[in-house]
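First comes the structure, then the notes that go with it.
Bear in mind that the values in this text are calculations on the coordinates, not laboratory data. Everything numeric in this text was worked out from a predicted model, so none of it was measured. Counting neighbours? That spans all protein chains shown, and the Cβs are built from the backbone with ideal geometry, glycine included.
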Amino acid sequence: MGIVLIIKSYMSGAKIKIILAIFFVVILFSFGWLSARKPGTPCEPYGDVYFHGELAPDGMKVEAIIGDTKYAETETKNNGKYRLLIPADDPMTPVKEGCSSEDSITLLVDNNRAVPKLKAFEGSHEHSVWVIASSVPKSTWGKIKALFK
């Protein structure tokens, strides 16, 4: 209360109202700008990775691909489990920094396409994936056949 009395003694009521109005507008613009610049929540899929019918061994690379760009990478741990943190795209910039709600995310496990694809989401959700024989590139099958000759 003492500060208010000191301010009132040096300024008229109209000046105080103008200063408070300016202060209020500055604060509103500051919070509005900060919230407009804040990108969405990252997409954090996690779960089991099955590689040819079995849980993937620890240390297999798991990548999140949107379009042709990799946005996150991890390795399987603790008996074939993975957890990715895919950053959210900031719609206020022209550059794509991560996932947005309309994106389809492909997971690659040791450079092999895993199924099913993910639809981008916000937050953390379990999403187990499989790498099946039909998703292994044909060049790899040639190498596998050569091993058994």
- prompt: For residue 131, all conditions in the list (1) among the hydrophobic types (A, V, I, L, M, F, W, C); (2) in contact with a His (Cβ under 7 Å, 6 or more places away or on another chain); (3) more than 27 Å from residue 52 (Cα to Cα) hold save one; what is the number of the exception?
  reply: (3)
task: For segment 113-134, enumerate the residues that are more than 15 Å from the chain's Cα centre (by Cα) and in contact (Cβ under 8 Å) with a residue 60 or more places away in the chain.
output: 114, 128, 129, 130, 131, 132, 133
